[in-house]
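The values are calculated or read from the model by the stated rules, or taken from the named source; none is laboratory data. Treat the numbers as computed from the prediction; the structure is a model and nothing was measured. So basically every Cβ, Gly included, is an ideal-geometry build from the backbone, and we count neighbours across all protein chains shown.
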Amino acid sequence: MERTAKGKNGLIPYKLTRRQMKSIILKIEQDGTVAVSAGKAVPYREIDDIVISCEDRINKRREELKSNIYYINENCKFYEGDIFYIWGEKYIIKASDKTKIDKENRILYVNKNLKNIKSNVESCIKRECKIVFENLSKKVYNTLTEYKGDKPEILIKKMKSCWGICYYEKGKIILNSRLSYYPKSKAQDTVYHEYVHFIHHNHSKEFYQLLNKYVNSEKDRGM
């Protein structure tokens, strides 16, 4: 549920989730969104008061986040000259009749004639992710000698709470399209992480020993 509280410096939008709990928990997401969890019986006025009391903390945290890649990309308005990060590289937004990525000149051309520009850019990024993720999956499949199964199906989804999900019983891995914001090494580590889950289904000691064996090996090679 989307709500707004009136603070001393203006309106404070926040996302409210009702849960089976007695307390109120306020969290500021990486994109600057204020997320509040509260018990089902807690009055709205009480929740608003908590948000208002945290106004200075919210503003301070948002200022800290402004230099964060995640924050920059999630809040990009796609105006001419805006900045957007792809695989950890800074791209400049330029208007065009077609949305496309110019890797050589670090330009993200955006079709300004569309109503939903952000959705169009996300589709373009998803196509880029498909190429990169499939190549990384092939690499990890050929490198992870402990894995004896078939190469899993790679699916792409925009997620907020995790970088990847392994469905080992179905032979599928879901990867977060937001990995495209960061250097490819982060996506590679995530692919290794999900592949190792086919061998060790939980985050056991053995899981991390095997994962670190390959992740650290890639870092030693400068990958």
Inset, instruction - Out of the residues in the stretch 164-178 that are more than 12 Å from the chain's Cα centre (by Cα) and closer than 18 Å to ILE131 by Cα, state the one that is surrounded by the most Cβ atoms within 10 Å (Cβ to Cβ). - result: ILE173
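Looking at TYR195, TYR181, which one is among the aromatic types (Phe, Trp, Tyr), buried (at least 19 other Cβ atoms within 10 Å of the Cβ), within 22 Å of TYR85 (Cα to Cα) and touching a residue at least 24 places away in the same chain (Cβ under 8 Å)?
Testing whether each residue is among the aromatic types (Phe, Trp, Tyr), buried (at least 19 other Cβ atoms within 10 Å of the Cβ), within 22 Å of TYR85 (Cα to Cα) and touching a residue at least 24 places away in the same chain (Cβ under 8 Å) leaves just TYR181.
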Inset, instruction - Looking only at the stretch 17-24, decide whether some residue is loosely packed, with under 14 Cβ neighbours inside 10 Å, under 25 Å from the mean Cα position of the chain (by Cα) and closer than 26 Å to TRP163 by Cα. - result: yes
Legend entry - Failed condition for LYS160, given (1) farther than 22 Å from ILE72 by Cα; (2) exposed (fewer than 13 other Cβ atoms within 10 Å of the Cβ); (3) of a type in the set (Lys, Arg): (1)
Inset, instruction - Answer with yes or no whether GLU122 is acidic (Asp, Glu) and touching a residue at least 12 places away in the same chain (Cβ under 8 Å). - result: yes
Inset, instruction - Could you check, for the stretch 147-167, whether at least one of its residues is acidic (Asp, Glu), in a strand (DSSP E or B) and either within 26 Å of TYR208 (Cβ to Cβ) or out of contact with any Phe, Trp or Tyr (no Cβ under 9 Å at 6 or more places or on another chain) (or both)? - result: yes
Inset, instruction - Looking only at the stretch 32-42, decide whether some residue is exposed (fewer than 15 other Cβ atoms within 10 Å of the Cβ) and in contact with a Leu (Cβ under 8 Å, 6 or more places away or on another chain). - result: yes
Inset, instruction - Tell me which of these ASN142 doesn't satisfy, since it passes every other one: (1) surrounded by 13 or more Cβ atoms within 10 Å (Cβ to Cβ); (2) assigned to a helix (DSSP H, G or I); (3) at pLDDT 95 or above. - result: (1)
